[in-house]
Every structure is written in C-alpha cells, then in structure tokens.
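Everything below concerns the one structure shown next.
The values are calculated or read from the model by the stated rules, or taken from the named source; none is laboratory data. Just so you know, these numbers come straight off a predicted model, no measurement behind them. With ideal geometry, Cβ positions are generated from the backbone for all residues, glycine too; neighbour counts draw on all protein chains shown. The protein model used for the area step is the full one, side chains on, heavy atoms only, and it has no ligands, DNA or RNA in it. Shrake-Rupley method; radii C 1.70, N 1.55, O 1.52, S 1.80 Å.
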Amino acid sequence: MQFSIPKWENVSSYNSTTGHQVFHIHLNGFLHSKTRFSNLHDLHTKLKTYYPEILDEMGIKFPPRHLMVLNSSELELRRDKLETYLQTLSQCVDITTGPEFTAFLIKQQVYTFPFSKDKQKQPFPLTLPDFSTMMLDVEPSASSVSVLLNASEVLLLPKQFLFAFKLVLVELQDKVLIYHKLLLACECPALVLVGAKQEMPSSKFAILLRKMLSSNEIEEQLLRNPVVAKLVADEIRQDLKFSFCLPKDTKNNPKTKLIEKSNEDLLNSLSKMRYCSYIRFQLCVANFPEEKTYVVPRFGKYEVCLEYNQSEGSRVCAKLKVCRIKCWSVGELTEPNIYKQFNYKYELCFEYYLAHDKACVVKILTNEAVMMSLCIQQMIDEMSLINAQKGIETIMLPDDYEIQIDQIKSDETSSLTTLSSLENEPSVLDSNCIECRNMTSTSSASVDRTAHTAESPSPLHSNVQYTANEGAWLEKHRSKYPMLSRLKESYFSKQNITFTDANTDFDL
C-alpha cells in the first residue's frame with residue numbers, strides 16, 4: 001500500500017461558521033477518499049483496542065488533538081503527521097489486512113464519492129481479458145472482493161481459482177495500454193473509476209480482470225479448467241496486440257498467426273513466445289547497467305526484466321530475480337528532471353542482493369512506479385504463500401550470484417527499433433513500435449550516456465559487476481525502518497518479513 005496525503009481543503013459545515021478540514025488520502029497514486037481528522041482519530045482508537053502490542057512495538061503515535069482552531073501552517077504540519085501515520089501503519093500486515101482498517105477505507109471512499117439511490121443497482125462494467133465488457137449487478141459500494149465473487153458466478157469460474165485473478169485499473173491511450181494499479185480489498189471498483197475520471201476526465205479508464213500469477217506449476221493446473229483456459233488465451237491475444245508478449249520467431253510465428261490460433265493451440269504455443277503473463281511498462285530511464293540507460297521494463301514470473309541496448313547496438317534483457325529484492329520504495333522526484341520530454345514524476349528504487357554482503361540499488365525513473373511496486377508486492381506475496389504451504393520458512397542466498405543477461409535475436413523484436421538509434425536518428429522511427437511513438441521528441445533533447453570502455457561481455461549469462469552501494473537512499477530508509485537492517489541472510493523468514501513502503505494484500 002502506497003499512502004500519501006498531498007493536500008487538505010476547507011469544507012463548509014451546516015453547524016459551524018468556520019467549516020472543517022478534510023484530508024485527501026491517496027492510495028497507490030490515486031485519490032481514494034477525503035476524510036476528517038476526527039475519523040482518523042476514531043480509527044486509531046479502534047486499532048489501539050485490537051492491536052495495542054503492535055502499535056507499541058512499531059512506535060505508532062497519532063497526532064495530538066487541539067482545542068483551538070488551527071492556522072494554515074499548523075494544518076500543514078498535521079497533514080504531514082497524518083501522512084507519516086498512515087505510511088507507518090501500512091508497514092504492518094496484520095493491521096492493513098484486518099477488517100477494521102479495510103472497513104474504514106471502504107466507508108470513507110463511499111462518503112467521498114456518494115451515489116444517488118436510483119443508481120444503487122446500476123450495472124458495473126467489468127472489462128474481460130478479451131476487452132469485451134460484462135455488466136455485473138453489484139452496488140457501487142461493492143468492494144473488489146465482492147466484484148470478483150460476482151464475476152466468478154457469471155463466468156462460471158470456480159471460486160477456488162479466483163486467487164489467480166486481480167482487478168486492475170487500466171487506461172487506453174493512443175492505442176497504448178497503461179496499467180495504473182491493482183485494486184486492493186479496501187477499494188470499491190466502481191468508485192475507483194469515478195475518482196480516476198474526476199482526476200483525468202479526458203482519459204479512458206476501465207477495470208480489467210487479469211490473471212496475476214507467476215507460478216508455472218500452478219498455472220498448468222489452472223489451465224485444465226476450460227473457463228480459465230479461455231480467459232488466459234484471450235489475455236495472451238491482447239498481450240500480443242499491445243506487445244506485452246512477443247513471438248520468438250517472427251518469420252515462422254508472427255503475431256497475426258498466433259492471434260488467429262484456437263485457444264488450445266495458442267496455449268500450446270507458449271514456448272514460442274517471450275514474456276507471457278508479464279506486464280509491460282512504457283519506456284523509462286534506469287541506472288542499470290549504467291546511469292541514464294533507456295530500458296523497457298517487464299514484470300512477471302518472479303522477475304524484473306529490463307530490456308536495453310548495448311553499446312554495439314545489440315538488444316539484451318537483464319533478468320533480476322524478485323527473491324533477491326530486499327526492500328523497495330516509491331517516491332516523487334525532487335531533483336531537476338533532465339528527461340523533460342517524458343515528464344517523469346516518480347522513482348522506483350530497490351535494493352538488490354548480489355550476495356550476502358554485496359548489494360546494489362537499482363533506480364527507475366517512470367510515471368508507472370506505483371504499479372511496478374504493486375507487481376513486485378504481488379509476486380512476493382505469491383512466493384511467500386507458496387513457500388509457506390511447502391513448509392519453507394527461509395530462502396538461503398548463495399555466496400555469489402550472476403545476473404542473467406539474455407541476447408534477444410533481431411528477428412524476435414524486428415518491430416522494435418534499437419534505443420540507441422532512437423536517441424540519435426529520429427528518421428529511423430517505426431510507426432508500429434510503441435517505443436518509437438514515445439520517443440518522437442527524444443532527438444530534440446539528447447542525453448549524454450557514459451560510453452562502454454571495457455570489452456563487451458558475452459551476451460548470454462553475462463556477469464554484471466557492482467560494488468556495495470549503501471547510498472543516501474538506503475541510509476535514509478534504514479534509519480526510518482530499522483527492521484530492514486536485519487534482512488540479511490533470511491529474506492522470507494516469518495520474523496523478518498518487512499517491506500519498505502509496501503504491504504501484503506490478501507484479497508481472498
């Protein structure tokens with residue numbers, strides 16, 4: 001959960017001449033609700049009743065109340081303290097997945113986006129994996145769990161398979177599919193749509209049903225069900241259209257040929273495709289493998305895949321294993337943004353283990369940092385649950401680790417013009433390539449990149465060397481969250497499972 005309170009506002013009140021203030025609570029990048037200080041105070045009182053030991057252990061304190069009317073500077077200080085309070089609460093899985101906290105957030109969201117009585121039974125449009133719309137007979141106040149259960153009944157999808165599916169807020173923009181966030185159990189999909197349209201009225205939003213599962217072993221079992229098989233096949237077709245997954249051999253198995261296959265034949269052709277079930281993000285900038293590198297990120301199958309171009313022009317994909325991500329954080333960019341043509345606003349940082357005593361900090365500048373963070377959390381939740389079922393409490397890291405670098409053949413991504421040429425020669429842009437369309441303004445603002453001075457490594461399974469990097473970002477978060485310093489050799493141990501600015505969310 002990514003909580004923030006960017007602002008507060010005065011609201012008129014029928015029983016007061018001065019009115020009262022409401023604080024804008026943003027959850028995972030979008031406005032979730034507007035609530036009063038007294039409502040948050042009541043929540044804290046209830047949490048002290050049910051979780052006194054946890055609150056004391058984590059040192060969670062609620063901002064004090066004042067008898068006098070607060071001025072603007074005092075209200076701003078209260079806003080900052082309330083934001084810190086919610087962000088600290090989000091570190092505790094027991095609280096954020098508890099019924100008290102979930103019920104509070106749903107109640108505040110309903111109060112923020114009221115609906116008239118004549119719309120209480122208005123059908124809710126749910127977008128299926130094939131991008132058709134299914135109307136559900138649910139109230140606007142129905143939570144994401146209720147919507148999923150209702151959808152499973154209409155689709156005849158067994159409820160025991162619902163754990164593999166999530167509701168996602170997506171935006172279709174210029175034939176590019178943008179994934180904004182996964183919906184949590186404390187959100188009402190109908191009201192999430194209302195809030196998103198109010199913030200960005202010119203954008204086209206939808207709530208999409210998507211399979212969010214990384215385990216190949218479990219997926220093979222699920223595909224035996226015909227309903228699941230159809231949903232997954234429809235999802236793969238759309239992923240091919242939006243270049244989320246790509247054919248490995250475009251000559252013998254082009255996109256059009258794969259899309260036209262039957263469901264059974266398409267599912268049997270998974271080995272002929274790259275990045276199936278991965279979520280593809282827009283072009284962004286990372287410090288991997290060097291500073292100011294343009295990358296195309298894909299998240300899925302317990303991996304963070306970063307596609308980039310080497311100095312000689314070959315395209316490669318670095319695969320970072322999720323089990324080696326120690327902690328991560330999403331924050332707004334405070335430094336001047338040299339990539340003005342992209343208008344990057346956020347930065348995703350994560351500490352990545354290369355060995356027990358060796359780590360690096362990977363930074364990605366992107367406007368989709370929140371969704372990336374949620375994808376990491378989703379994969380970690382799934383991995384930890386599977387390990388718990390198998391009785392695995394600890395994952396031991398080997399002394400050395402090699403980051404896998406896969407060479408991408410030219411015929412696999414023939415429609416993807418190399419990023420280096422995009423930076424220098426706008427005339428080679430491919431109108432059918434998503435990267436090209438997003439890079440049309442890059443030529444007017446070229447970015448200096450550090451040239452490779454060492455010999456080019458072997459493209460397959462290369463070893464990317466890093467030095468231990470504790471950095472200002474890591475020191476800041478270790479001082480704020482002391483539990484992080486104990487996450488050394490045992491990552492998924494029951495005693496140490498704490499993540500920076502992210503939280504486990506069990507919908508069902």
Filter the trypsin sites (Lys or Arg not before Pro) in the stretch 278-327 down to the DSSP loop ones having no more than 14 other Cβ atoms within 10 Å, then list what survives.
-> K292
For the stretch 162-251, which whole-number percentage of the solvent-accessible area (1.4 Å probe, protein heavy atoms only) is attributable to carbon and sulfur atoms?
-> 52
Segment N343-E199, length gained on full extension (0.36 nm per residue, minus Cα span) = 50.1 nm
With every protein chain kept in place and a 1.4 Å probe, the stretch 1-157 has an accessible area per residue in Å² of 53
Give me the accessible area of S38, 1.4 Å probe, in Å² rounded to the nearest 10.
-> 40
How large is the charge dipole for the stretch 68-151, taken about the Cα centre, if only the Cβ atoms of Lys, Arg (+1) and Asp, Glu (-1) carry charge, to the nearest 20 debye?
-> 220
State which entries of K211/K301; K159/K241; K48/K107; K181/K345; K204/K241 exceed 21 angstrom in Cα-Cα distance in the structure shown.
-> K159/K241
Computed label-point distance, nm, for sites T133 and A355 using a 7 Å Cα→Cβ extension = 5.7
List the trypsin sites (Lys or Arg not before Pro) in the stretch 36-81 that DSSP assigns to loop (not H, G, I, E or B) and whose Cβ has at most 10 other Cβ atoms within 10 Å. Which are they?
-> R65
Mind checking the per residue accessible area of the stretch 214-261 for me, 1.4 Å probe, whole number of Å²?
-> 48
Using a 1.4 Å probe on the protein chains only, how many percent of the accessible area of the stretch 1-111 belongs to carbon and sulfur?
-> 51
Long pairs among K81/K326; K326/K358; K7/K34, criterion Cα-Cα beyond 18 Å | K81/K326
Toward the positive end of the charge dipole of the stretch 1-148, about the Cα centre and with charges on Cβ (Lys, Arg +1; Asp, Glu -1), which of V11, L82, F124 goes farthest?
-> V11
